[in-house]
Amino acid sequence: MTQYTAASGTAAAAARGQQFFLARHGKEWSCASCHTASPGQPGRHAATGKVIQPLAPAFNVERFSDAAKTEKWFRRNCNDVLGRECSPAEKADVLAWLVTLKP
């Protein structure tokens, strides 16, 4: 999150992250379309039906532990949802919200 915050030049905001995560965007999907509105729960890919492990780090310790994997999945998922890459500020905001979620 520190990288994204520095790149965006603005502080991350959990409230913006939650709003972004739940909102439908350009491609008619939201992040919650696959990860559910409760990212502490397993999700399911909207097109393939494949099970997705919980997104929130408190529920899945492997989440966001590898910077390269984090970037790979942000790139893919942002393209699916937005039709473009997420900005550093959007990434920081989503991460700021996800780390507030506790079991």
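The values are calculated or read from the model by the stated rules, or taken from the named source; none is laboratory data. The structure presented is a predicted model; accordingly, all values stated were derived computationally and were not measured. Quick reminder, even Gly has a Cβ in these numbers, built from the backbone with ideal geometry, and neighbours come from all protein chains shown.
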If we keep only residues of segment 71-95 that are within 20 Å of Q41 (Cβ to Cβ) and modelled with pLDDT of 95 or more, then the residue surrounded by the most Cβ atoms within 10 Å (Cβ to Cβ) is V94
Determine which single condition A68 fails, assuming it passes every other condition in (1) closer than 25 Å to A7 by Cα; (2) surrounded by 15 or more Cβ atoms within 10 Å (Cβ to Cβ).
(2)
Members of segment 12-36 found to be assigned to a loop (DSSP other than H, G, I, E, B) and closer than 23 Å to T48 by Cβ, listed by number
A23, R24, H25, G26, K27, E28, W29, S30, C31, T36
Among (1) among the β-branched types (V, I, T); (2) modelled with pLDDT under 95; (3) not in a helix (DSSP H, G or I), where does T100 come up short?
(2)
Taking segment 45-59, which residues are modelled with pLDDT of 95 or more and either outside any loop (DSSP other than H, G, I, E, B) or surrounded by 13 or more Cβ atoms within 10 Å (Cβ to Cβ) (or both)?
V51, I52, P54, L55, A56, P57, A58, F59
Flagged in segment 24-83 as touching a Gly at 6+ places or on another chain (Cβ under 9 Å) and over 23 Å from K102 (Cα atoms), in numbering order, are H25, G26, K27, V81, L82, G83
Just one of the numbered conditions (1) surrounded by fewer than 20 Cβ atoms within 10 Å (Cβ to Cβ); (2) in contact (Cβ under 8 Å) with a residue 40 or more places away in the chain is not true of A37; which one?
(2)
Are there any pairs, at least 6 apart or on different chains, whose C-beta atoms fall under 6 Å, with the first in segment 60-88 and in contact (Cβ under 8 Å) with a residue 12 or more places away in the chain and in a loop (DSSP other than H, G, I, E, B) and the second surrounded by fewer than 18 Cβ atoms within 10 Å (Cβ to Cβ) and of a type in the set (S, T, Y), and if so, which?
F64/T70
Residue satisfying all of: in segment 1-11; in a helix (DSSP H, G or I) and surrounded by 13 or more Cβ atoms within 10 Å (Cβ to Cβ); nearest to the chain's Cα centre (by Cα) among these
Y4
I'd like to check something: does segment 16-28 contain any residue that is within 19 Å of T2 (Cβ to Cβ), surrounded by 19 or more Cβ atoms within 10 Å (Cβ to Cβ) and in contact (Cβ under 8 Å) with a residue 24 or more places away in the chain?
yes
